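Undergrad: Starting off with a structure, shown below.
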Amino acid sequence: MATDELCWTPGTELARMVRAKDVSPVDIVEAFLERIARINPRINAYCTVTADQARAAAREAEAAAGRGERLGPLHGVPFSLKDLTPTKGIRTTMGSKIFEHAVPQEDAVLAARLRDAGGILLGKTNTPEFGCKPFTDNRVFGATANPWSSDRSAGGSSGGAAAAVAAGLGPLAEGSDLAGSIRHPAAWCGVVGFKPSHGRIPRYPTQTAWNAMSAHGPIARTVGDAALMFAVMAGPDPRDPLALPETGETWARLADPPDVRGLRVAWTPDLGGASAVDATIASICRTATRIFADLGCTLEDASPEIGSIRDPFLALNAALRQATAGKYLDQWREQMDPVLVRRLELGKTLTAVDIGRAEVERSAYHQRLRRFFERFDLLVLPATAIAASPLTALLPHEIAGRPIRDHLDMMLLTYAFNLSGYPAISVPCGWTPDGLPVGLQIVGGWRQDALVLRAAASVERAAPWTGRRPPLH
């Protein structure tokens with residue numbers, strides 16, 4: 001196999017080839033490092049490349065395979081971690097000047113699990129400061145460009161992760177998602193991004209272990225790869241009080257073979273008018289949704305009652321930001337992202353009653369969604385309101401004729417399912433006339449992660465997308 005073709009081979013296939021001794025982990029890693037050296041300067045997906053560590057791990061992986069040792073599910077398969085995720089001995093800046101030279105003393109649980117499964121870390125991917133917005137740029141490393149068009153944003157906050165996967169700079173990438181930060185860049189970059197139910201993947205170490213809106217998850221080019229990575233990262237850990245217990249699913253096998261016959265699927269272009277959505281995006285997603293009818297599902301136009309969730313989400317988000325980063329504001333204000341500064345300032349004005357009211361409204365919202373998912377198995381809708389923004393004008397002034405005040409006005413389609421904690425995935429479903437990817441979001445009911453993965457795999461099988469690659473050589 002040609003060296004560059006290894007970089008477009010699914011992680012599931014790389015793992016199989018390593019086990020069969022059809023390819024060496026050393027050759028795999030060298031292929032990715034060569035491509036990163038050639039392509040990454042043009043898109044800035046990786047902010048730290050761990051070349052020496054990756055080569056050493058690849059040599060050990062090859063030796064282990066040669067000795068006939070039992071191999072983990074990711075043996076010899078490269079992966080990346082978002083620069084918010086702690087890595088022992090490897091710089092983790094969180095996209096902030098405050099932590100520009102910080103080196104954690106402990107691995108995140110998920111990082112240790114990926115390594116223990118035989119995965120090989122290629123490096124850390126770029127993110128906005130503390131993951132504060134849906135565009136990836138910061139004052140330490142600069143902006144991440146979209147592999148499909150270098151003058152467009154990769155999205156965020158897991159923009160570096162999504163861009164790396166889309167550009168063939170690694171088959172598996174970890175992201176995190178507080179308002180859409182996995183699904184949004186995955187949609188803009190034309191890859192798969194899965195936000196699981198909160199608690200599926202333990203979060204430690206973190207300053208916000210009790211936060212029930214943010215989740216880690218996989219970004220990959222195929223649903224099978226996303227399921228494989230998720231299977232390794234998922235599972236309980238006593239250090240995270242919100243981690244869910246084992247529930248018996250064999251996550252990595254859910255996508256093969258997929259079957260969704262008989263499912264009740266609801267389609268909405270805009271959550272019942274709650275969100276502005278560009279007409280082209282809505283049209284492409286509506287067309288893609290017809291796949292479910294072809295697969296034997298019952299398809300109906302319907303939306304849950306969203307209500308006024310912006311204010312409770314904003315209050316809980318700002319309170320979390322203030323609690324974790326507010327102590328840096330006075331000293332670092334001039335070097336902090338203005339979006340983050342606004343959140344911190346808002347957080348200072350919130351009262352206990354404000355936060356309590358937000359939790360009450362969030363609980364009522366959960367009940368509205370619960371009742372909706374008694375009628376439907378899946379909800380399908382666009383993953384983003386617009387296609388990738390120009391790097392020179394990240395935030396649109398309006399979408400579909402509706403004014404946009406800030407980035408939350410273009411993120412309701414995704415943060416609606418952070419506020420609820422429901423699982424959601426973005427899968428590629430088409431391209432705009434300008435050649436920009438469009439993502440279809442598939443949402444399941446309470447803790448229906450397996451169903452979401454199965455549905456995404458069905459869409460992928462019915463309308464394959466992985467043969468299309470961005471114009472990077």
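Values quoted throughout were computed directly from the atomic coordinates according to the rules given, and no laboratory measurement underlies them. This structure is a prediction, so every number in the text was calculated from the model and none was measured. With ideal geometry, Cβ positions are generated from the backbone for all residues, glycine too; neighbour counts draw on all protein chains shown.
Undergrad: Tell me yes or no: at least one residue of segment 3-13 is under 25 Å from Thr466 (Cα atoms) and free of Cβ contacts under 8 Å to residues at least 24 places away in the same chain.
TA: So far as segment 3-13 goes, yes, one or more of its residues are under 25 Å from Thr466 (Cα atoms) and free of Cβ contacts under 8 Å to residues at least 24 places away in the same chain.
Undergrad: Could you count how many residues in segment 363-385 are farther than 20 Å from Lys133 by Cβ and in a loop (DSSP other than H, G, I, E, B)?
TA: Matching residues across segment 363-385 total 2.
Undergrad: Return the residues of segment 387-426 that are among the acidic types (Asp, Glu) and surrounded by fewer than 16 Cβ atoms within 10 Å (Cβ to Cβ); say none if nothing qualifies.
TA: Listed by number, the residues that qualify are Glu398, Asp406.
Undergrad: Next question, about the same structure. Given Arg67, Arg42, Arg91, which one is more than 27 Å from Gly224 (Cα to Cα) and in contact with a strand residue (DSSP E or B) (Cβ under 6 Å, 6 or more places away or on another chain)?
TA: Selected residue: Arg91, the only one of Arg67, Arg42, Arg91 that is more than 27 Å from Gly224 (Cα to Cα) and in contact with a strand residue (DSSP E or B) (Cβ under 6 Å, 6 or more places away or on another chain).
Undergrad: Also, I was wondering about something else. List the residue pairs whose Cβ atoms are under 7 Å apart, where the first residue sits in segment 407-420 and is closer than 18 Å to Trp267 by Cβ and free of Cβ contacts under 8 Å to residues at least 24 places away in the same chain, the second is surrounded by fewer than 24 Cβ atoms within 10 Å (Cβ to Cβ) and of a type in the set (Ser, Thr, Tyr), and the two are 6 or more positions apart or on different chains.
TA: No pair meets every condition.
Undergrad: Of all residues in segment 275-299, which are among the polar types (S, T, N, Q), touching a residue at least 12 places away in the same chain (Cβ under 8 Å) and within 26 Å of Trp188 (Cα to Cα)?
TA: Ser275, Thr280, Thr287, Thr289
Undergrad: Can you name the residue in segment 1-41 that is over 16 Å from Arg55 (Cβ atoms) and basic (Lys, Arg) and is also surrounded by the fewest Cβ atoms within 10 Å (Cβ to Cβ) among such residues?
TA: Step by step, filter segment 1-41, then rank; the result is Lys21.
Undergrad: Filter segment 73-103 down to the residues that are at negative phi and free of Cβ contacts under 8 Å to residues at least 60 places away in the same chain and list them by number.
TA: Answer for segment 73-103, where residues must be at negative phi and free of Cβ contacts under 8 Å to residues at least 60 places away in the same chain: Thr87, Lys88, Ile90, Arg91, Thr92, Thr93, Phe99, Glu100, His101, Ala102, Val103.
Undergrad: Picking from Leu346, Leu320, which residue would you name as being under 21 Å from Asp409 (Cα atoms), part of a helix (DSSP H, G or I) and touching a residue at least 60 places away in the same chain (Cβ under 8 Å)?
TA: The unique qualifying residue is Leu320.
Yes/no matrix, rows are residues, columns are (1) among the hydroxyl-bearing types (Ser, Thr, Tyr); (2) under 18 Å from the mean Cα position of the chain (by Cα); (3) assigned to a loop (DSSP other than H, G, I, E, B):
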residue	(1), (2), (3)
Ala387	no, yes, yes
Leu408	no, yes, no
Tyr422	yes, yes, yes
Ser426	yes, yes, no
Pro433	no, no, yes
Gln441	no, yes, no
Trp446	no, no, yes
Val452	no, yes, no
Ala457	no, yes, no
